[in-house]
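**Q** Dropping a structure here in structure tokens format, bear with me for questions.
All of the numbers you see were taken from the coordinates with simple rules; none came from a lab. Keep in mind it's a predicted model, so treat the numbers as computed, not measured. A quick note on method: Cβ atoms are made from the backbone with ideal geometry, for glycine too, and the neighbour counts reach across all protein chains shown.
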Protein chains: 2
Amino acid sequence: MDKRIKEHAEILTEWSTGIEEGDNVVISAGEEAKDLVIALQKEIGKKGAKPITLYSSSESQRAYLKNFEGEFETPEHVLALMEEADVIIGISSDPNLKAMSDVPGKTMAEYSKARQPIREEQMSKRWCGTQHPTNAQAQMAGMSLDEYKDFVYDAVLRDWQEVHDMQEQLKEKLDEGSEVYIEGPETELTMSIDGMIGINSDGDHNMPSGEVFTAPVVDSVNGDILFDKPLIHRGKEINGVKLKFEDGEVVEYSAEQNEEALEDTLDTDEGAKRLGELGIGTNRGIDVFTKNMLFDEKMGDTVHLALGRAYARCIGEDREQNESAIHVDMIKDMSEGLLKVDDEIIMKDGKFFWEL
Amino acid sequence: MDKRIKEHAEILTEWSTGIEEGDNVVISAGEEAKDLVIALQKEIGKKGAKPITLYSSSESQRAYLKNFEGEFETPEHVLALMEEADVIIGISSDPNLKAMSDVPGKTMAEYSKARQPIREEQMSKRWCGTQHPTNAQAQMAGMSLDEYKDFVYDAVLRDWQEVHDMQEQLKEKLDEGSEVYIEGPETELTMSIDGMIGINSDGDHNMPSGEVFTAPVVDSVNGDILFDKPLIHRGKEINGVKLKFEDGEVVEYSAEQNEEALEDTLDTDEGAKRLGELGIGTNRGIDVFTKNMLFDEKMGDTVHLALGRAYARCIGEDREQNESAIHVDMIKDMSEGLLKVDDEIIMKDGKFFWEL
């Protein structure tokens with residue numbers, strides 16, 4: 001077995017979820033992640049914890065959803081499983097990323113709603129989502145499987161304590177600061193993050209991670225921004241997105257490709273026209289865009305903004321949380337660009353302030 | 001997809017477990033059974049029930065058990081899952097039947113003991129165990145996968161209502177009868193089944209099924225018997241087993257091959273020297289021995305006796321249940337043989353009494 005799989009399993013069990021003796025562990029994986037499941041079971045055995053593996057398969061989920069008759073209900077047995085779980089490790093490993101493409105959006109939304117209590121239960125535990133390298137993801141990324149493995153493990157096999165300490169400096173700037181200014185090609189944007197909370201995403205919930213994020217004050221965003229990386233929403237790729245904000249709301253928009261999909265996204269609901277996240281990617285193991293947000297938003301020397309829902313844990317006391325059915329990340333390359341907080345340079349032309 | 005997979009799924013959901021709207025369903029399967037899982041999910045969707053699939057893998061179980069440190073405990077989250085489940089469908093489909101061969105027996109026994117409450121919970125629900133045709137099972141059976149598929153579906157795709165009605169005649173004879181006499185090459189055996197209960201195994205818990213079984217009165221077995229089919233215990237094949245019983249207990253034994261494994265089996269505990277089951281196979285879709293007890297013991301025109309533990313549901317009021325850590329089935333071809341109950345012919349030379 002590729003020794004990097006063992007190292008991946010060690011990071012997940014030790015750093016991300018801190019598995020201990022007696023922990024009830026739920027792994028969710030498809031057959032393509034079999035080697036990682038085996039490596040995890042070894043580590044979980046060493047700890048004296050108690051694992052169960054759920055078989056995750058879009059193809060069989062599609063078969064269920066396409067044939068479903070009746071009203072979706074929360075599955076009590078799955079909820080009971082999650083209530084008694086201490087740790088949940090979700091491994092993305094589907095052999096076909098388009099397997100669900102003909103399931104109607106309405107069906108997905110109703111099914112998802114019935115499963116909301118399960119997701120809430122999962123989020124209250126020690127949980128981590130990760131990716132096992134598969135041909136499907138390699139194909140999406142435009143790589144061979146061998147090349148894609150190198151990509152994944154370059155992103156995952158890092159010194160996460162060092163990442164944590166480095167990111168803590170960014171979190172402090174975001175927590176203490178107020179006015180954000182972003183400059184770059186066709187970009188000049190201002191927003192306030194006053195009273196919001198920065199999150200140091202160091203690999204506890206996402207593996208790989210490598211980002212610090214917060215939420216903009218809802219009505220504070222003004223100016224123009226160009227996103228040079230593709231925006232992907234509901235399986236559609238939207239390129240060359242430009243947005244103009246006034247008092248927090250998108251007032252003009254354009255895209256070089258798939259503009260009507262951008263329009264649909266913005267029209268989802270009121271909150272979809274406003275920003276829910278400002279994130280800074282720090283993971284320089286991720287140097288190419290692979291159309292997988294787990295990696296893309298962590299890319300070193302990028303920032304991302306998300307249209308839609310803000311994360312509750314970013315919202316300070318007496319601050320408003322942007323609400324929406326969507327949370328769509330949009331990534332901006334900062335290798336030529338500037339990010340300042342209260343007139344202090346945080347990132348400039350691909351360097352952080354402590355590198356300047 | 002092979003249309004027989006769909007038919008298999010229909011039998012499991014309709015006949016075996018009677019899945020209805022709102023049922024909480026647990027499927028357990030490995031990746032080789034993916035097509036059957038997809039077919040089951042379709043049927044479960046049509047019923048408006050709620051499935052979860054557990055990923056069963058001996059390779060990953062081995063990794064866990066070989067590396068385990070500490071004391072095994074019952075996993076509370078798995079127990080909670082089973083408590084809230086209505087239906088459990090277990091699909092045997094491992095890609096390698098020897099994957100657990102280097103796990104020490106002591107580890108297996110301790111692990112199994114910790115999981116006993118889970119098994120009890122499962123047995124209290126509507127449950128069914130079945131086999132998806134795999135290369136591993138085909139290889140064990142000495143067949144190509146294509147030939148093995150024909151074998152499996154010949155055994156599974158039957159009119160189970162008809163099987164039930166046919167077997168009901170056998171059950172009545174076993175319930176009403178008392179003295180059993182079995183005759184054949186090197187065989188003359190008597191036992192009492194007075195006060196015991198016959199079970200019509202018609203596909204509710206095993207798919208395929210096709211057997212009627214009961215329990216001998218513990219001390220009543222006397223005489224000699226030759227088992228012409230291999231006995232398989234703990235992965236070891238024992239051929240040409242001959243047993244002599246006196247007052248229920250094995251007093252002489254021999255085997256043409258692997259006699260020491262037979263000795264180990266008999267020495268397990270006190271109950272291992274006595275019989276726990278008398279079964280009659282009725283499934284003529286099963287015409288060859290494939291070293292898979294799910295099929296072998298159901299083979300048409302055979303009887304089987306089991307050393308060790310009797311099934312509680314066979315035991316009549318005020319009757320003793322044979323207790324043992326083992327339950328090892330031994331199969332006897334009855335194509336040349338005679339089985340009588342209270343001097344009435346039940347089977348003779350490969351025919352049931354209603355065929356004579």
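**Q** Please state the Cα pair-distance histogram of segment B:1-76 with 5 angstrom bins from zero: what percent is in each bin?
**A** 3, 14, 21, 20, 13, 10, 9, 7, 3, 0
**Q** PRE reach from A:GLU249 (point 7 Å along Cα→Cβ): which of segment A:263-292 fall under 17 Å by backbone N?
**A** In segment A:263-292, the label zone of A:GLU249 (backbone N under 17 Å from the point 7 Å along Cα→Cβ) covers A:263-276.
**Q** Further question on the same structure: List, shortest first and in nm to one decimal, how far the label point of B:GLU162 (7 Å from Cα along Cα→Cβ) is from its counterparts in the other copies.
**A** So the label point of B:GLU162 gives 7.2 nm to the other copies.
**Q** Provide the percentage of antiparallel DSSP beta bridges, counting only those with both residues in chain A; round to the nearest 5.
**A** Working: 53 of 72 bridges.
Close to 75 percent.
**Q** For chain B, restrict the atom set to alpha-carbon positions and state the Rg and Dmax in Å.
**A** 20.3, 60
**Q** In percent, how large is the relative contact order of chain B, given Cα pairs closer than 8 Å and 6 or more residues apart?
**A** Normalised by residue count, the contact order of chain B is 13 percent.
**Q** Determine the relative contact order of segment A:291-356: mean sequence separation of Cα pairs under 8 Å and six or more apart, normalised by residue count, in whole percent.
**A** Details: 88 pairs, mean separation 18.9, N = 66.
Here the relative contact order equals 29 percent.
**Q** Return one quarter of the surface area of the convex hull spanned by the alpha-carbon atoms of segment B:247-356, equal to its mean projected area, in nm². Each step should come with its number before you reach the end.
**A** Details: hull surface 34.0 nm².
Projected area, direction-averaged: 8.5 nm².
**Q** Mind checking the dipole of segment A:14-168: about its Cα centre, +1 per Lys or Arg Cβ, -1 per Asp or Glu Cβ, Debye to the nearest 20? Mind dumping the intermediate values first?
**A** Numbers: 16 positive and 29 negative charges, 82 e Å.
Using only the charged Cβ atoms, the result is roughly 400 debye.
**Q** Could I ask something else about it? From other protein chains only, count the Cβ atoms within 10 Å of every residue's Cβ in B:65-71, then give the mean.
**A** Values: counts 2, 3, 8, 9, 5, 7, 3.
Mean number of neighbouring Cβ atoms from other chains: 5.
**Q** Could you give the angle, 0 to 90 degrees to the nearest 10, between helix A:58-67's Cα long axis and the longest principal axis of the Cα atoms of chain A?
**A** That helix lies at roughly 90 degrees to the long axis.
**Q** Then there's this: Considering only C-alpha atoms, what is the centroid distance from segment A:105-128 to segment A:136-185, in Å?
**A** Centre-to-centre distance over Cα atoms comes out at 26 Å.
**Q** Still on this structure, please answer the following. What net charge do the residues around B:ILE38 carry, taking every other residue with its C-beta under 9 Å from that of B:ILE38, with Lys and Arg at +1 and Asp and Glu at -1?
**A** That sum, taken over residues with Cβ under 9 Å, equals +1.
**Q** Let me ask something else. If the label for A:GLU188 sits 7 angstrom from Cα along the Cα-to-Cβ line, what are its distances to the same label in every other copy, in nm to one decimal, shortest first?
**A** 11.1
**Q** Inter-copy label distances at A:GLU71, 7 Å along the Cα→beta-carbon direction, one decimal in nm, shortest first?
**A** 4.7
**Q** Bin width 10 Å, origin at 0, all Cα-Cα pairs of segment B:3-157: what percent of pairs per bin?
**A** 10, 35, 34, 18, 2
**Q** In what order do B:MET123, B:MET143 fall by count of nearby beta-carbon atoms within 10 Å, going from fewest to most? The partial results should precede the final answer.
**A** Values: B:MET123 11, B:MET143 18.
By the 10 Å Cβ count, ascending, the order reads B:MET123, B:MET143.
**Q** Exceeding 26 Å between C-alpha atoms, which entries from my cross-link table qualify? They are A:LYS98/B:LYS3; A:LYS46/B:LYS106; A:LYS149/B:LYS149.
**A** A:LYS149/B:LYS149, as the Cα separations exceed 26 Å there.
**Q** Search the structure for amide H atoms under 5 Å from the amide H of B:ILE315, placed 1.01 Å from N in the peptide plane, and list their residues when 5 or more places away or on another chain.
**A** Distant-sequence amide H within range of B:ILE315: B:ILE197.
**Q** Continuing with this model, one more query. To the nearest 0.05, how large is the calculated FRET efficiency for B:TRP354 and B:ASN239 if R₀ is 45 Å and r is the Cβ-Cβ distance?
**A** Numbers: r = 33 Å, r/R0 = 0.74.
It comes out at approximately 0.85.
**Q** Relative to the longest principal axis of chain A, what angle (0 to 90°, nearest 10) does the C-alpha long axis of helix A:105-114 take?
**A** Orientation of helix A:105-114: about 70 degrees from the principal axis.
**Q** With the alpha-carbon atoms as the only input, what is the per residue convex hull volume for segment B:96-226 in Å³?
**A** Working: hull volume 25.2 nm³, N = 131.
Taking the convex hull of the Cα positions in segment B:96-226, it is 192 Å³ per residue.
**Q** For each of A:GLU59, A:GLU147, count neighbouring Cβ atoms within 10 Å of the residue's Cβ, then give the residues from fewest to most. Working shown, then result.
**A** Details: A:GLU59 17, A:GLU147 12.
Lowest count first: A:GLU147, A:GLU59.
**Q** Once you list every other residue whose beta carbon is under 13 Å from the beta carbon of A:LEU338, what net charge do they have if Lys and Arg are +1 and Asp and Glu are -1? Let's see the in-between values first.
**A** Working: positive: A:LYS332, A:LYS340, A:LYS348, A:LYS351; negative: A:GLU183, A:GLU188, A:ASP301, A:ASP333, A:GLU336, A:ASP343, A:GLU344, A:ASP349.
Taking every Cβ under 13 Å from that of A:LEU338, the sum is -4.
**Q** Mind pulling the per residue volume of the convex hull built on the Cα atoms of the protein assembly as shown? Å³ is fine.
**A** 161
**Q** Using the Cβ atoms and a cut-off under 13 Å, what net charge is assigned to the surroundings of B:ASP296, where Lys and Arg are +1 and Asp and Glu are -1? Write down the numbers at each step before the final one.
**A** Values: positive: B:LYS229, B:LYS291, B:LYS298, B:LYS332; negative: B:GLU211, B:ASP228, B:GLU237, B:ASP287, B:GLU297, B:ASP301, B:ASP329, B:ASP333.
That sum, taken over residues with Cβ under 13 Å, equals -4.
**Q** Order these by the 10 Å Cβ neighbour count, fewest first: A:THR265, B:THR107. Show your work: numbers first, answer last.
**A** Numbers: A:THR265 24, B:THR107 13.
Arranged by neighbour count, lowest to highest, A:THR265, B:THR107 become B:THR107, A:THR265.
**Q** Where Rh denotes the Kirkwood radius from the mean inverse Cα pair distance, what is Rg over Rh for segment A:97-165? Intermediate values should be presented prior to the final figure.
**A** Working: Rg = 16.9 Å, Rh = 15.3 Å.
Reported Rg/Rh, Kirkwood definition of Rh: 1.10.
**Q** What Rg and what Dmax come out for segment A:161-355 when only alpha-carbon atoms are used, in angstroms?
**A** For segment A:161-355, the Cα radius of gyration and maximum Cα-Cα distance read 15.1, 43 Å.
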